[in-house]
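So the structure is just underneath, and the comments pick up after that.
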Amino acid sequence: MSITSTRPAPLMTRLNSEWTVQIAAKEYEFGSLGFHTAGALLEQIRTTKGATQDALLYELVTLAHQGDRTAERVVLQSLIPAAQRMAHRVRSLDDFDRHDRVGYAIGAAWESIQKYKLHLHARVMANLTMNMLGILAPEKTANDRLIADKTAPMAADVLEIEAGAWQEPERTPEEQLANLFTWALDIKLVTTDELALLSRTALSDEKHADIASELGLSTACLRKRADRIRARIATAVQEGL
């Protein structure tokens, strides 16, 4: 007699199977968007961009906040590819095995939907993915920042980051970059729009061509603009501001 034990299928596998078998082909009413199959709506999200994609995602997230689990599920399905990529890029998940990392990232996607700030009508996909990153690699709390400010000069801390402290084990690159961006905003070195642009080009999974198209820029112009903002921060760090 032999006893066989099997590990449950990974979360992403279960979700994709559920989507294909039970959800994608069924037609539902999605608020002001009307009746669609879930699969067709997901395809629209994936093939549109800018204001059109924002309108789709915003309505679905709003419905999710009102308790519509199908709408929430469509948004989650649209975030699974980003969750899969983040799972292998965020160092805070290094102690998990491959399947658990992806499952944890999918959990962050779900939380990002549930906690989405509904006053943000634009760049919904970027906001959702940035929220995921914030959950997976959270910034220091206000108390942590206060303690750090009282124990070491801010400029020295930022200079240490630029000089190579990226290998510091207790702080991931994502955390360090987030802290650097926060510092630049706090001292009014950059505007919120500039920081959003730099964050999207440096941290999000969006293609530069898509970001440039949304902003009405060429890809080359987008890169030059991001480079100028990055250079301004680097200069400030070097000068010890």
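The values are calculated or read from the model by the stated rules, or taken from the named source; none is laboratory data. All values reported here derive from a predicted model rather than from experimental measurement. Neighbour counts run over all protein chains shown; Cβ positions are idealised from the backbone, glycine included. Just the protein is used for accessible areas: all its heavy atoms, side chains included, with ligands, DNA and RNA removed. Shrake-Rupley method; radii C 1.70, N 1.55, O 1.52, S 1.80 Å.
Summary table
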quantity: Hey, HIS99 in contact with a Pro (Cβ under 8 Å, 6 or more places away or on another chain) and modelled with pLDDT under 75 or not; calculated: yes
quantity: Of all residues making up segment 108-119, the number that are at pLDDT 90 or above and open to solvent by less than 70 Å² (accessible area, probe 1.4 Å); calculated: 6
quantity: Residue list for segment 204-224, restricted to those being part of a helix (DSSP H, G or I) and more than 24 Å from ASN131 (Cβ to Cβ); calculated: THR219, ALA220, CYS221, ARG223, LYS224
quantity: Hey, ALA83 under 25 Å from ALA38 (Cβ atoms), assigned to a loop (DSSP other than H, G, I, E, B) and modelled with pLDDT under 95 or not; calculated: no
quantity: Residue in segment 187-197 that is modelled with pLDDT under 60, more than 25 Å from THR52 (Cβ to Cβ) and surrounded by fewer than 13 Cβ atoms within 10 Å (Cβ to Cβ) present; calculated: no
quantity: Residue within segment 120-137 that is modelled with pLDDT of 70 or more, more than 16 Å from LEU79 (Cβ to Cβ), surrounded by 15 or more Cβ atoms within 10 Å (Cβ to Cβ) and among the small types (Gly, Ala, Ser) present; calculated: yes
quantity: Condition met for MET12 (open to solvent by 50 Å² or more (accessible area, probe 1.4 Å), of a type in the set (A, V, I, L, M) and modelled with pLDDT under 80); calculated: no
quantity: Qualifying positions in segment 21-57 - over 16 Å from LEU79 (Cα atoms) and of a type in the set (Ser, Thr, Tyr); calculated: TYR28, SER32, THR37, THR52
quantity: Cross-chain or 6+ apart pairs with Cβ under 8 Å, segment 55-78 first and in contact (Cβ under 8 Å) with a residue 60 or more places away in the chain and open to solvent by less than 10 Å² (accessible area, probe 1.4 Å), then among the hydroxyl-bearing types (Ser, Thr, Tyr) and assigned to a helix (DSSP H, G or I); calculated: LEU57/SER78
quantity: Selection count where residues are within 16 Å of THR129 (Cα to Cα), open to solvent by 20 Å² or more (accessible area, probe 1.4 Å) and assigned to a helix (DSSP H, G or I), scope segment 27-49; calculated: 1
quantity: Boolean, ARG73 is farther than 26 Å from ALA212 by Cα and under 18 Å from the mean Cα position of the chain (by Cα); calculated: yes
